[in-house]
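Participant: A single structure is presented below for examination.
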Amino acid sequence: MKEIKIKTRDLTLYYGPKMALNSISIEIPEKEVTAFIGPSGCGKSTFLRTLNRMNDLIPNVRITGEVLVDSLNIYDKQIDVVNLRKKVGMVFQKSNPFAKSIFENVAYGPRINGINNKTKLEEIVETSLKKAFIWEEVKDRLNDSAMALSGGQQQRMCIARTLAVEPEIILMDEPASALDPISTAKIEELIFELKKNYTIVIVTHNMQQAARVSDLTAFFYLGELIEFGKTKKIFTTPDKKHTEEYITGRFG
Amino acid sequence: MSRKKDITGGFFIGVTAFSAFVIIAVIIILLVVIIKGGKDTFSWEFLTAFPEDGMMKGGIFPAIYGTALLVLIMSIAAVPFGTITAIYLTEYAHEKSVLAQTIRFAVRTLATVPSIIFGLFGLGFFIKFVGGGVDDFFLGGELKWGQPNILWASLTMALLTLPVVIVSVEEAIRTVPRELREASLALGATKWETIKRIVIPGSRSGIMTGTILAVSRGAGEVAPILFTGAAYYLATLPTSMSDQFMNLGYHIYILATQSANVDQTLPIQFATTMVLLLLTFTLNLAAVIIRSRLRRKAK
Amino acid sequence: MDKPVEKGKFVFTRESLKKKFRWSEFLSEKIITGVAFLSITIIVLIFVFVFKEALPIFNYKKKEAVKVEQVQKQEQYGGEADQGQTNSSGQEQYGVTTNDTMMIENQARAEDTIVHGSEQATFKSLAGKKWLPVSDNPRYGLVPLFVGTLKITLIAMLFAAPIAILAALFSASFAPYWMREIIKPAIELLAGFPSVVIGFFALMVMASFFQNIFGYDGRLNAFVGGVAMALAAIPIIFTITEDALTAVPRTYTEASLALGATRWQTALFVTLPAATPGIFAAILLGIGRVFGETMIALMATGNAALISVNPFESVRTLAATIGAEMAEVVFGDTHYNVLFLIGSLLFVFNFSLNALAEFYVKGKLVKRFQGKQS
């Protein structure tokens, strides 16, 4: 087993009076792909968003327990959320390019980090786009609006944009749910490539996708972590009856 | 029975349609009458010449210039302040907080305060308090800023148009999708960086609409400048912030009610009214079009 | 924690993740919050400064209590007939105090007039029936101004309210989509017409038009002014009413239609009553608009401070009085203070209307729709 990158201890989250996550404890190893599965509303996306504190933006959210990233509790008062998010990047369900050129989209992160040198930016943009397998498709139109790209291209550009900040962990919230099968295949291929260097946590609705791309799978149900283990095991011989029912499609 | 219902219903719908028709008809009549009365006098020269013979002849250039200067200074004051207030209300304030609600109430109140009250405030605050204070402290009592001028008139007008800007910009900021803010924050941007790089550029059209509406309002209002800076007649254009200025709306008012021979200047009055009406009309039309596009985009 | 460090890679450490203080963040938040306070500040400043300039009226009662006697001992003059409206006493007295300041002199004059008939001073003067601020014997009776303002508001609302509300009902309930897309922007454009343009139109066109129809003497009167003001009030009433009508939940109208009511019955008996608080707010704000309108009043009403119920007689409104006279008064004069007092009254009145529309009406609407639905 590899080093543990993210570890949560009794993480509980409330939206106002409603408990959305109940005492989640999990250990996510580095440089592997961990998939969160479960029916919609089970808390898997909410949990993902606690890992880089995106839930901070929602009013009335209360969190107890700990989230340790490299053994540091990210909910510690001393933690700088802005820097945390630079190291724990996120790719969203709906591709969300800024209304700027492709170049400016990818250069956004480096720019806010104070990099203004044109050649340096060009270098970062190129390597990021290459890592996201989209360089060949866009290298001749970097100054075109990112809105002109197809949905799948937009999503890969958003991944490149995240990579440009050089995170260690990439959280993906159903990154392929709005895409056609070909684009989805490209994203999956990309995830497989990225796990060599990054720790990836992916929320997915699509169980085949989880089975294909992930090394570990966590099954969530009604705000609780039901089962967590090797993907192969979860999909063949799950311990819990609930998991089996979900995987075999009896509910969800 | 049902036939009777139909007649009553038809009559009722007819009455409502007629009411709407009356309003539209009045708008058209007003436009047509003013344009008909003014078009013969209207010319390039009319726009660019000074008044002559005690404003009995000649053009309205100083009034156009004064109005333009007024709305320019006004916009410089109102647009940034209005935009920042809108940013506070959408990005920083908690929707339910007492402070946010109080500010909203203040903005709405400000929007309904009669324009003449702004004039009084301009006189009491800008001219007497601020201007008079500056004169006493820095100029040893010499009367320079403690009297009506274009700066005080513009600032008074800025207060009047502040709510116009706030409302337009706020509406536009709300059309910037939450996903874009999240994307920016997830890349490690701070709140202010996100506002500066994503939210403000994303609401440019709203800031534009707000500015246009404010300019249109500022160009047309007369009551606030009656005693804060507008002048009947000036032989020269204002060159300093402490100068008085001529104004299109005020020019119409003066010519129509105070001039020695109202009938003789009637063509000039109509032409001046036409200029002001077309100016505000065009600006408002532009704002309406931009805004309806924005609303469609929001959907 | 010992971690394998890759070259050029950054590792989480307590140091690198330590909360940073960012000046730009701190300053931007403080500045933005500060600027947002501006709207509140302006309202407060308007309160303070408009009232401040009106305040001497309330003070001078004390100051003048001593002065009055001295003043009265000085020269006495016979009053002139004030523009044909002679005071009942026929003779007036006023003091000329060459040594006193202008302000005190004028206050004394005013005081003098009042003392003449009654022991109650200032407030009685303001409650008087004559507005003669620039006569030798100035009187600041606000009654004719209030009567004029109310008269014109009433006339304006009699025209504006039904037309605007019916038109809003048409737009919200009956008009086909394309028609609504014309009516709404057109009325938005009417809202953008400067009031000086509407005033000019009333003065030059409407006045003659109505005179030809009704055949009255004075071209400019409350009726012309009122109709012109209706043009200014219509967009406000229309817009707010339309919003209120379209905000009525679909379930209401659908239920009514399902029960076999026709479209117009639903509109009249279901939609319209459901939106009453909003329509009430629309009328309140319309009244506020007319009450405070200056330029139309200045240009189209004739500006004579008469007390009469005849709609075809000239009137002078509160706002027009400020607009017409402020430019010619002496700073600090009683007349000046009284004009500010009028401004304060307008402001308070408008503020109250707005607050009423805001809190009472909105609360009711919310209760009505949400309370019943849940």
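Participant: Hey, how many Å between the Cα centroid of segment C:166-211 and the Cα centroid of segment B:146-202?
Facilitator: Their Cα centres are 31 Å away from one another.
Participant: Tell me, what HN-Hα J-couplings in whole Hz come from the Karplus equation 6.51 cos²θ - 1.76 cosθ + 1.60 at θ = phi - 60° for each residue of segment B:133-150, using x for Gly and Pro?
Facilitator: Using θ = phi - 60°, the values come out as x, 4, 4, 5, 7, 9, 10, x, x, 5, 7, 10, 8, x, 9, x, 7, 5 Hz.
Participant: So which of A:K2/A:K87; A:K5/B:K191; A:K186/B:K191; A:K86/B:K191; A:K44/A:K131; A:K18/A:K230 end up more than 21 Å apart by C-alpha?
Facilitator: Table pairs above 21 Å Cα-Cα are A:K5/B:K191; A:K186/B:K191; A:K44/A:K131; A:K18/A:K230.
Participant: Hey, another quick one. Kindly sort B:I28, A:I58 by accessible area of their heavy atoms, largest first, with the probe set to 1.4 Å.
Facilitator: Correct descending sequence by accessible area is B:I28, A:I58.
Participant: Using a/c under 1.5 as the rounded threshold, could you call chain B rounded, prolate or oblate? The axes a ≥ b ≥ c are square roots of the C-alpha gyration tensor eigenvalues, and prolate needs a/b larger than b/c, oblate otherwise.
Facilitator: Here chain B falls in the oblate category.
Participant: Taking the Cα centre of each part, how many Å lie between segment A:197-252 and segment C:342-367?
Facilitator: Here the two parts' Cα centres lie 58 Å apart.
Participant: Tell me the relative contact order for segment A:167-214 as a rounded percent, counting alpha carbon contacts under 8 Å between residues six or more apart.
Facilitator: 54 percent
Participant: Only Cα pairs within less than 10 Å get springs; with that Gaussian network setup on chain A, which residue of A:N197, A:N52, A:N116 has the largest fluctuation?
Facilitator: A:N116
Participant: Using 0.36 nm times the number of residues separating B:T8 and B:V32, minus their current alpha carbon distance, what extension gain do you get?
Facilitator: Gain in length upon complete extension: 5.1 nm.
Participant: Could you provide, to the nearest whole Å², the per residue accessible area of segment B:39-298 with probe 1.4 Å?
Facilitator: Details: 10010 Å² over 260 residues.
Here the per-residue accessible area is 39 Å².
Participant: Based solely on its DSSP helices, what 222 nm [θ] is calculated for chain A when runs of n ≥ 4 H residues each add -39,500 (n - 2.57) and the sum is averaged over all residues, nearest 500 deg cm²/dmol?
Facilitator: Estimated from H runs of four or more residues: -10000 deg cm²/dmol.
Participant: I would also like to ask the following. Which ³J(HN,Hα) values, rounded to whole Hz and listed in residue order, are derived for segment C:296-311 from phi using the Karplus coefficients 6.51, -1.76 and 1.60 in 6.51 cos²θ - 1.76 cosθ + 1.60 with θ = phi - 60°, glycine and proline given as x?
Facilitator: 5, 4, 4, 8, 10, 9, x, 6, 9, 7, 9, 10, 7, 9, 5, x
Participant: How large is the helix-only mean residue ellipticity at 222 nm for chain B, computed as the sum of -39500 (n - 2.57) over DSSP H runs with n ≥ 4, divided by its residue count, in deg cm²/dmol to the nearest 500?
Facilitator: On the way: 12 runs with 196 residues, N = 299.
When only DSSP H runs of four or more count, the value is -22000 deg cm²/dmol.
Participant: Probe radius 1.4 Å, ligands and nucleic acids left out: which of B:Y250, C:Y252 has the largest accessible area, and how do the rest follow?
Facilitator: Most to least solvent-accessible, the answer reads C:Y252, B:Y250.
Participant: Using a 1.4 angstrom probe on the protein heavy atoms only, could you order B:F46, A:F133, B:F138 from most to least accessible area?
Facilitator: B:F138, A:F133, B:F46
Participant: Treating the beta-carbon of each Lys and Arg as +1 and of each Asp and Glu as -1, no other charges, what is the dipole magnitude of segment B:39-298 about its Cα centre, to the nearest 20 debye?
Facilitator: Using Cβ point charges on Lys, Arg, Asp and Glu, segment B:39-298 gives about 1300 debye.
Participant: Right, here's the next one. Please compute the modelled spin-label separation between C:V134 and B:A260, points set 7 Å along Cα→Cβ, answer in nm with one decimal.
Facilitator: 1.9 nm
Participant: State whether segment A:128-180 is rounded, prolate or oblate according to the following rule on the C-alpha gyration tensor (a ≥ b ≥ c being the square roots of its eigenvalues): a/c under 1.5 gives rounded; otherwise a/b larger than b/c gives prolate, and the remaining case gives oblate.
Facilitator: Cα axes put segment A:128-180 in the oblate bin.
Participant: Go ahead and run the numbers for FRET between B:S240 and C:F146, Cβ-Cβ distance against an R0 of 35 Å, rounding to 0.05.
Facilitator: Here the calculated transfer efficiency is 0.25.
Participant: A follow-up question, please. Once you average over the residues of B:22-35, how many Cβ atoms of partner chains fall within 10 Å of each Cβ?
Facilitator: Numbers: counts 5, 13, 7, 0, 8, 8, 1, 3, 10, 4, 0, 4, 6, 0.
Mean partner-chain Cβ count within 10 Å for B:22-35: 5.
Participant: Within a 10 angstrom radius of each residue's Cβ in C:321-329, how many Cβ atoms of other chains show up on average? Whole number is fine.
Facilitator: So the per-residue partner count for this stretch is 4.
Participant: Under unit Cβ charges (Lys, Arg +1; Asp, Glu -1), what dipole magnitude, rounded to 20 debye, does the protein assembly as shown have relative to its Cα centre?
Facilitator: Around 3460 debye, computed over the protein assembly as shown.
Participant: Buried accessible area for the A:C pair, summed, 1.4 Å probe, in Å² rounded to 100?
Facilitator: Roughly 1700 Å² of accessible surface disappears when A and C pair.
Participant: Tell me, what is the per residue accessible area of chain A in Å², probe radius 1.4 Å?
Facilitator: Result: 42 Å² per residue.
Participant: Other chains near C:50-56: what is the mean number of their Cβ atoms within 10 Å of each residue's Cβ?
Facilitator: 3
Participant: A further question on this structure: Round to a whole angstrom and tell me the spacing of the C-alpha centers of segment C:265-302 and segment A:25-94.
Facilitator: Between the Cα centres of segment C:265-302 and segment A:25-94 lies a distance of 53 Å.
Participant: Would you mind getting me the FRET efficiency between C:N310 and C:R219? Use the beta-carbon distance for r and R0 = 25 Å, nearest 0.05. Don't skip to the answer; put the middle values down first.
Facilitator: Numbers: r = 15 Å, r/R0 = 0.60.
Efficiency at R0 = 25 Å is approximately 0.95.
Participant: Compare the Cα positions of B:L110, B:M208, B:G131 along the charge dipole of segment B:39-298 (+1 at Cβ of Lys, Arg; -1 at Cβ of Asp, Glu; about the Cα centre) and return the one farthest towards the positive end.
Facilitator: Positive-end residue among those listed: B:M208.
Participant: Roughly how tilted is helix A:151-163, in degrees to the nearest 10 and between 0 and 90, from the longest Cα axis of chain A?
Facilitator: It is inclined by approximately 90 degrees.
Participant: Is segment A:78-184 best put as rounded, prolate or oblate by its Cα gyration tensor, with a ≥ b ≥ c the root eigenvalues, rounded for a/c under 1.5, and otherwise prolate when a/b is larger than b/c, oblate when not?
Facilitator: Numbers: a/c = 1.93, a/b = 1.13, b/c = 1.71.
Oblate is the answer for segment A:78-184, as a/c is 1.5 or above yet b/c matches or exceeds a/b.
Participant: Right, something else. Given the options B:I34, B:I254, B:I198, state which has the largest fluctuation in a GNM of chain B using a 10 Å cut-off (strictly under) for Cα springs.
Facilitator: Looking only at B:I34, B:I254, B:I198, the largest GNM fluctuation is found for B:I198.
Participant: What are the residues whose amide H is under 5 Å from the amide H of C:V315, where those residues sit 5 or more places off or on another chain and H is modelled from the backbone?
Facilitator: C:A222, C:N303, C:A304
Participant: With θ set to phi - 60° and the Karplus curve 6.51 cos²θ - 1.76 cosθ + 1.60, what are the ³J(HN,Hα) couplings of segment A:109-114 in order, to the nearest whole Hz, using x for Gly and Pro?
Facilitator: Listing the rounded values in order: x, x, 4, 5, 7, x Hz.
Participant: Taking 8 Å as the Cα distance limit and 6 or more residues as the minimum spacing, I'd like the relative contact order of chain A as a percentage.
Facilitator: 27 percent
Participant: I've got another one for you. Can you give the relative contact order of segment C:143-368 as a percent, counting alpha carbon pairs under 8 Å and 6+ residues apart?
Facilitator: Relative contact order, segment C:143-368: 30 percent.
Participant: Whose amide H sits under 5 Å from the amide H of A:T12, counting only residues 5 or more places off or on another chain, with H placed in the peptide plane?
Facilitator: HN-HN under 5 Å from A:T12: A:S23, A:I24, A:T64, A:G65.
Participant: What total accessible area, in Å², is buried where chains C and B meet, using a 1.4 Å probe and rounding to the nearest 100?
Facilitator: Adding both sides of the contact gives about 7000 Å².
Participant: Using a basic spin-label model with each label point 7 Å from the Cα along Cα→Cβ, how many nm lie between A:K139 and B:S205?
Facilitator: Between A:K139 and B:S205, the label points sit 3.6 nm apart.
Participant: Taking the simple approach of a point 7 Å from Cα along Cα-to-Cβ for both C:A258 and B:R293, what is their distance in nm?
Facilitator: Simple spin-label model gives 4.2 nm for this pair.
Participant: Next question, about the same structure. With a 10 Å radius around each residue's Cβ, average the other Cβ atoms per peptide and rank B:118-126, A:92-100, highest first.
Facilitator: B:118-126, A:92-100
Participant: Of the heavy-atom accessible surface of the protein assembly as shown (probe 1.4 angstrom), what whole percent is carbon and sulfur? Spell out each step's value before the answer.
Facilitator: Working: 24300 of 40270 Å².
In the protein assembly as shown, the share of accessible area belonging to carbon and sulfur is 60 percent.
Participant: Counting only residues 5 or more places away or on other chains, whose amide H sits under 5 Å from the amide H of B:G58 once H atoms are built in the peptide plane?
Facilitator: Under 5 Å from the amide H of B:G58: B:E52.
The values are calculated or read from the model by the stated rules, or taken from the named source; none is laboratory data. Keep in mind it's a predicted model, so treat the numbers as computed, not measured. No Cβ is skipped: glycine too gets one built from the backbone with ideal geometry, and neighbour counts run over all protein chains shown. Areas reflect the complete protein model, heavy atoms only, side chains present, ligands, DNA and RNA absent. Shrake-Rupley method; radii C 1.70, N 1.55, O 1.52, S 1.80 Å.
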